[in-house]
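I have placed the structure first, in the form of C-alpha cells, so that the comments after it can refer back to it.
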Amino acid sequence: MLWEELNWAEFEKLVPGTYDTAILPVGTIEAHGVSPLGTDNLIPMEMARRLAGDLKAIIAPPVNHGITSSLLGYPGSLTVSSATFEKYMTEILVSIAACRFDKIVVLNGHGGQIEQLGRAAKEAWNLKRVKITVVHWWVCCDDIVEKIYGRGGGHAATDENAAVQAIRPDLIKADLYSDDMVFNQPGGFTSYPNPGTILAYKEGAGFIDFDQKKAEQYFEAAVERVKSHLLDIFKRWERL
Ligand SMILES: [Zn+2]
C-alpha cells in the first residue's frame with residue numbers, strides 16, 4: 001500500500017484501524033562502486049514493499065536526499081547539511097504521526113545519517129508519543145553475509161551490492177569491477193574525499209562475486225531478519 005496512491009477519503013477509512021503503521025524509507029544519493037547512485041534509496045524502498053504486507057503498513061513517500069559526506073567528491077553525489085536533514089526528518093515524522101499512525105518504521109539505507117535519524121526519532125516520540133523504530137538494515141545482517149559469502153561486507157561491497165543485484169540486476173555494472181576497487185580503510189585514517197567507493201572494514205572483506213542466486217538468497221534473508229525483529233518489537237510495544 002503506497003501512501004501516494006491513496007485518495008484522502010480512502011486514507012480516512014484505512015488509518016487508523018486497518019493500518020496503524022507507516023514505513024518511511026530513507027536514503028541518500030552517493031557513489032557506490034558498481035551499483036547506482038540511488039542504491040541507498042532503492043534497497044529500503046524494495047525492503048518496505050516486501051515488509052508492508054506482514055507489518056500491515058502503509059509505505060510513506062520516501063526521503064531520497066540525505067547526508068553524503070566522504071563520497072561527495074564523486075560525480076553525481078548529492079547532500080543536504082546534517083542540521084537541515086535532522087530538522088526535516090523530525091518534521092516529517094511528526095507530520096506522519098499527526099495522520100494518526102500508532103507506529104513508524106524508519107527504514108534507513110545510509111550509514112552517514114544514523115545519529116541524526118536517532119535524534120529525529122527521539123524528538124518525534126517526545127512530541128507526539130508515536131512509537132518509532134529506526135532500522136539500519138545492513139547492521140543487523142552482518143552474520144548473513146558472512147554465512148552466504150564466507151566474508152564480511154561493507155559499503156557498496158559484498159552485501160550492499162548483493163541487495164541491489166537481487167532487486168535490479170540490470171543496474172549492476174559488473175564489467176567495471178575489479179577486486180582492487182575494494183578499499184580497506186586503515187585504522188587511524190579519515191580522508192575526504194574517501195579514496196574508494198567500495199569500502200571494507202576488515203581484511204578479506206568486501207569482494208563481489210556477482211552470483212545472482214547468492215544475491216537473491218542474501219536479500220531474502222535480510223528482509224526476513226528485519227521482519228522478525230520488527231514483529232518482535234511490535235509485540236513488545238503492545239502494552240504501551
Ligand atoms: Zn549505500
For segment 134-232, accessible area per residue (1.4 Å probe, heavy atoms of protein chains only), Å²: 51
Selection from Ile92, Tyr192, Val135, by position along the positive dipole direction of the chain (Cβ): Ile92
Whole-Hz ³J(HN,Hα) from phi, Karplus 6.51 cos²θ - 1.76 cosθ + 1.60, for segment 64-70, glycine and proline x: 8, 9, x, 9, 9, 10, 6
Helix-only [θ]222 nm of the chain, DSSP H runs n ≥ 4, -39500 (n - 2.57) each, per residue, nearest 500: -13500 deg cm²/dmol
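From the square roots a ≥ b ≥ c of the eigenvalues of the alpha-carbon gyration tensor of segment 170-240, which class results: rounded (a/c under 1.5), prolate (a/b over b/c), or oblate?
oblate
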Burial order of peptide ranges 197-206, 164-173 (average beta-carbon count within 10 Å, highest first): 197-206, 164-173
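Using a 1.4 angstrom probe on the protein heavy atoms only, could you order Met45, Met1, Met181 from most to least accessible area?
The ranking, largest first, comes out as Met1, Met181, Met45.
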Protection-proxy order for peptides 229-235, 150-156, each taking the mean of Cβ atoms within 10 Å per residue, highest first: 150-156, 229-235
DSSP-defined beta bridges in the chain - what % are antiparallel, rounded to 5: 15
Å³ per residue enclosed by the Cα convex hull of segment 80-174: 128
For segment 136-159 and segment 196-210, distance of Cα centres in Å: 10
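The values are calculated or read from the model by the stated rules, or taken from the named source; none is laboratory data. Quick caveat, the model's predicted, so the values are computed rather than measured. Ideal geometry is used to build each Cβ from the backbone, glycine not excepted, and the neighbour counts take in all protein chains shown. In case anyone asks, the SASA skips ligands and DNA or RNA and just uses the protein heavy atoms, side chains included. Shrake-Rupley method; radii C 1.70, N 1.55, O 1.52, S 1.80 Å.
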